[in-house]
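Colleague: Can you read through this structure? Questions will come right after.
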Amino acid sequence: MPELSKTAARPDADIRTTGRWRQLTLLTGTMLVDGAETGLVSSLFPMIRQSLGVSLGALGVLSAAGKLVGVLTGPFWVWAAQHWSRKGVLVLATGFWGAWGVAAGFSQSFTQLLLLYTALAAGYAAAGPIITEVIGDLFDSSSRGRATGLVYGAITLVGAALSPLVGQLAGIADGWRWALWSIGGFNILLGLGILLWFRDPGRGGAEPELAGLDRSARESGSTLTWAKAASLLKIRSLAILLVSRLLSGHLLVSTFGVVYLVDVYGFSTQTASIVLLPLGAGNFLGNLLGGVTADWAARRSPRHGPIAVLQAAQFAFALVAFAGTQFDWGGIGIFGVFFALMGVAQGMNPSINRPMVMAVTLPELRGAAFALYLSVFEAVAWATFGLGAGFLGDAVGLRPVFLWVLVILMLVNGAFLTLLHRSYADDAARVQEILRARRDALIRPASPF
């Protein structure tokens, strides 16, 4: 049995993993690519549509294929990370896998682009669940919201800054190809960075209940089994959050926002892509605001505070989306304001719901939980909204689609989250009790002699 350090005598100790912010910066760069890839396709789709001669429904097919492949590969990468190493999977799947992006830039038909783009997305599916799991091992519960907010905020801010620049490639012959070549090359460079500088803190590295235990001791009781993975669906709060992900209609705005302004209000691609900058800036602000507000709300009411903030974000998005998409405001500037406000409401979600998933799951189950949450349920939501919006947009127009998905469905989502008020606090307390029991079992009783 391993001995515990003096720090371990205080289960509520503030755990500060060495170099955690430096590691977080490296992981953020890796997550950037996944967001940039989605924004790239939506920003340049009008040009891809013209170059390859496809319809609006093709955007839905591309978006759906890229997300649906993650339903299979996301859990696979989590399994590989458990049996190989998280660092190795990140180097391969979110790094060197960028070669598929370079290849996609040479596509001569929509079929080729679809196949190569889907292959690229198959690797990107590793980033969400594994990196979010690592964040939970780098930061304890008192700082996870802030760390998560910074990661997702940086992703959206950089993506928003790049999107208008990418949109200007529409004025260059085959500009979308140059974008794919660039993102693939950037991926490969990130793979080298992870290989050289990333240091895995190990599972449970930031849990106060396991303070003072070395990595082997922390992970000795945390082997992932099929029975444990199956038990995830028995966690009431996680099940509610998974269903809520299927109701997250705001996912559609980043994929179809530019095309919506082009088709419904007649803007050019270059002009419409400008709204992605305020959307991303608002998203960044929302990421930061969500973490700070959730922490404040948790101090005021640990049982109900974070849930109330999460609900408020859904209702706020629905109201702003109604005003910002259902009326013709003329100039792109007014639309930019509404897209910024939508970004704030949308951006609050990751810094609230990701730490909530961490709080109700054990360290060894978080990778599997995020594979379900991000690679399966979120992917199904993306695919459903993408396919539905593409084909329904061709049939009835995008305006009614946006009304039902961005407004009505989001109101339903906010109401559905009320169920968390009955389960979240109890599920989080159960995780803490299990970790304390593990810690106590690993303490070697002091010898009486």
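Any read-out appearing in this document is the output of simple, stated calculations on the displayed coordinates, not a laboratory observation. These figures come from a predicted structure and were not determined experimentally. Here the Cβ positions follow ideal geometry from the backbone for every residue, glycine too, while neighbour counts run over all protein chains shown.
Colleague: In nm, give the distance between the simple-model label positions of residue 236 and residue 426, each being 7 Å from the Cα along the Cα-to-Cβ direction.
Modeller: With each label point 7 Å from Cα toward Cβ, the separation is 0.4 nm.
Colleague: By how many nm would the segment from residue 270 to residue 418 grow when fully extended, if each residue of separation counts as 0.36 nm and the alpha-carbon distance is taken off? Before the final figure, lay out each step's value.
Modeller: On the way: separation 148, 0.36 × 148 = 53.28 nm, distance 4.10 nm.
Net length gain for the segment: 49.2 nm.
Colleague: I would also like to ask the following. First measure r as the distance between the Cβ atoms of residue 55 and residue 199, then evaluate 1/(1 + (r/R0)^6) with R0 = 41 Å and state the FRET efficiency to the nearest 0.05.
Modeller: With a Förster radius of 41 Å, E is 0.30.
Colleague: Then there's this: Give the residues of the stretch 121-146 whose amide nitrogen is closer than 19 Å to a point set 7 Å from the Cα of residue 21 in the direction of its Cβ.
Modeller: Those under the cut-off are 135-146.
Colleague: So for 339, 96, 327, fewest C-beta neighbours within 10 Å to most, what's the order?
Modeller: 327, 96, 339
Colleague: Something else: Per-residue counts of other Cβ atoms within 10 Å, averaged by peptide: what ranking do you get for 430-441, 306-317, highest first?
Modeller: 306-317, 430-441
Colleague: Then there's this: Rg and Dmax of the stretch 248-405 over Cα atoms: what are they, in angstrom?
Modeller: Both quantities, over Cα of the stretch 248-405: 16.8, 52 Å.
Colleague: Follow-up question, since we're still on this one. If R0 is 22 Å, what FRET efficiency do you get for residue 87 and residue 436 from their C-beta distance, rounded to 0.05?
Modeller: It comes to 0.15.
Colleague: Hey, another quick one. Can you give the Kirkwood hydrodynamic radius of the stretch 346-449 from its Cα pairs, in Å with one decimal?
Modeller: For the stretch 346-449, the Kirkwood estimate is 17.2 Å.
Colleague: Would you mind ranking 304, 250 so that the residue whose beta carbon has the fewest other beta carbons within 10 Å leads the list? If you can, show how the numbers build up before the last one.
Modeller: Working: 304 16, 250 24.
By the 10 Å Cβ count, ascending: 304, 250.
Colleague: Based on other C-beta atoms within 10 Å, arrange 72, 62 from fewest to most.
Modeller: Details: 72 13, 62 25.
Exposure proxy ranking, most exposed first: 72, 62.
Colleague: At a Förster distance of 25 Å, what's the computed FRET efficiency of residue 106 paired with residue 189, Cβ-Cβ distance as r, to 0.05?
Modeller: On the way: r = 20 Å, r/R0 = 0.79.
According to the calculation, E is roughly 0.80.
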